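Report on one structure; see the data block that follows.
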Amino acid sequence: MVSEITLRRPDDMHLHLRDGAMMRAVLPETTRHFARAIVMPNLVPPVVTSRDASAYRDRILAELPADAAFEPLMTLYLTEATDPADLVAAHESGLIKAVKLYPAGATTNSQSGVRDFEKIRAVLDAMAETGVPLCVHGEVTDPSVDIFDREAAFIDRVLDPIRRATPGLRVVMEHVTTKDGVDYARSGGPDLAATITTHHLVINRNHILAGGIRPHYYCLPVAKREKHRLALRAAATSGEARFFLGTDSAPHPDHLKEHACGCAGCFTATNTMPLLAHIFEEETALDRLEAFASINGATFYGLPLNEARLTLKKRDAAMVWPEKIGTEAGPVTVFDPGFPVFWHVSE
Ligand code: NCD
Ligand code: ZN
């Protein structure tokens with residue numbers, strides 16, 4: 001039985017760091033284990049221009065813990081008014097690694113997102129020409145579509161038409177939650193990839209709704225049926241280059257989660273690596289954890305592989321993590337998988 005595993009240091013290819021006091025409080029939770037992260041731009045107001053991205057990057061670097069060797073990988077928030085020249089220049093200078101597409105209204109802080117996909121045609125063409133990856137929040141916002149069907153509907157109605165109309169466009173399907181998403185990712189070539197979160201490998205929709213409503217399991221896209229969770233586990237542990245880790249760790253203070261209209265987001269930065277070791281061991285795929293967490297994402301984004309290493313050890317005692325992270329905006333609850341985890345990151 002394997003009880004210790006050493007990986008290249010992992011990268012989190014989808015992370016919400018927020019800003020100000022919240023960022024200060026959650027940054028160490030990521031920098032403790034991760035070397036780099038693709039930082040989501042859904043601030044209020046969003047990170048839209050290269051100037052915004054540069055200023056946000058500086059704010060993150062200024063808050064890094066003293067001993068942290070961490071590189072934030074910046075993104076731009078795509079709007080109908082995005083200037084293709086600014087975007088391409090930001091990518092060519094190395095400032096940004098990707099551009100994020102939020103359908104307007106799909107999730108937290110997506111009001112400035114895209115309503116009319118025709119209006120981003122010129123930007124998408126410029127991105128395809130210059131190889132800038134498009135990270136996609138893949139849910140339709142049509143209120144007549146059932147929330148559990150919104151990812152599958154997005155693939156048919158929006159994503160597939162965009163990809164057909166824009167040959168060469170590099171796309172990351174962010175936080176896929178369905179077998180449909182996994183299958184579609186597999187139907188593409190090397191231009192198409194998908195991130196998978198930690199929590200979607202652990203919970204299905206029953207965890208949110210059966211036996212009482214559990215707001216800390218509510219995120220978007222919402223967790224689906226068990227057959228979808230199993231498809232995600234098979235994809236994540238497959239070793240296939242198109243699938244990689246994006247935790248989507250998304251801090252919200254408890255009073256906004258435990259609320260009549262609670263915010264979407266699970267906070268998993270703290271315990272993602274022990275949880276992934278637990279899951280990959282269950283799937284007898286510990287030897288593929290490094291591909292999922294440390295290699296496939298870097299390779300897709302054309303980044304050098306991390307040289308530093310992270311060791312995980314299985315111990316007799318269960319891992320203990322803080323139930324909550326204290327922030328000036330209020331406590332943030334750490335994702336509770338509901339089972340003991342015996343894997344520890346060896347510090
Ligand atoms: C994210 C957030 O809080 O910013 N929430 C979430 O449920 N995942 C936004 C997002 O990625 O959809
Ligand atoms: Zn997200």
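The values are calculated or read from the model by the stated rules, or taken from the named source; none is laboratory data. These numbers come from a predicted model, not from an experiment. FYI the Cβ positions are ideal-geometry reconstructions off the backbone, even for glycines, and counts take in every protein chain you see. Ligands, DNA and RNA are stripped out before the accessible areas are found, and what is left, the full protein with its side chains, is counted by its heavy atoms. Shrake-Rupley method; radii C 1.70, N 1.55, O 1.52, S 1.80 Å.
Quick notes on this structure:
- Those lysines that a straight Cα-Cα span of less than 21 Å connects to Lys224, excepting residues fewer than 8 apart in one chain: Lys179, Lys257
- The chain shape via C-alpha gyration tensor axes, a/c threshold 1.5: rounded
- Distant alpha-carbon pairs in the stretch 110-220 (separation over 19 angstrom), percent: 50 percent
- Compactness relative to 2.2 N^0.38 Å, alpha carbon Rg of the stretch 9-103: 1.04
- Residue-normalised accessible area of the chain, expressed per residue, 1.4 Å probe, Å²: 39 Å²
- In this structure Asp58 has an accessible area near 90 Å², from a 1.4 Å probe over the protein heavy atoms.
- Ignoring lysines fewer than eight residues from Lys314 along the same chain, the ones with Cα atoms less than 27 angstrom from its Cα are Lys324.
- For Glu307, Glu347, the ranking by accessible surface with the largest value first comes to Glu347, Glu307, using a 1.4 Å probe.
- Measuring nothing but protein heavy atoms, the accessible surface of the chain at 1.4 Å probe radius is 52 percent carbon and sulfur.
- Estimated FRET transfer efficiency (Val145, Ala85; beta-carbon r; R0 41 Å; 0.05): 0.70
- In the chain, the DSSP-assigned H stretches of four residues or longer account for a calculated mean residue ellipticity at 222 nm of -8500 deg cm²/dmol, using -39500 (n - 2.57) per stretch and the full residue count as denominator.
- In order along the stretch 273-289, the phi-based Karplus estimate (6.51 cos²θ - 1.76 cosθ + 1.60, θ = phi - 60°) of 3J(HN,Hα) comes to 5, x, 5, 5, 4, 4, 5, 5, 5, 4, 8, 6, 9, 4, 6, 9, 4 Hz; Gly and Pro are listed as x.
- Built amide H within the under 5 Å cut-off of Leu220, gap 5+: Gly265
- Mean separation of Cα pairs under 8 Å and 6 or more residues apart, divided by the residue count, gives the stretch 254-347 a relative contact order of 38 percent.
- Pairwise centroid distance, computed over Cα atoms, of the stretch 185-224 with the stretch 293-347, Å: 18 Å
- Relative contact order of the chain, defined on C-alpha pairs under 8 angstrom at six or more residues apart (%): 19 percent
- All lysines inside 23 Å of Lys119 as judged from Cα atoms, apart from same-chain residues fewer than 8 positions distant: Lys97, Lys100
- Ranked packing of 249-262, 168-181, 123-136, most packed first, by mean Cβ within 10 Å: 168-181, 123-136, 249-262
- Folded to 0 to 90 degrees: helix 226-236 orientation relative to the chain principal axis, Cα: 90 degrees
- Of all DSSP beta bridges confined to the chain, the antiparallel ones make up roughly 30%.
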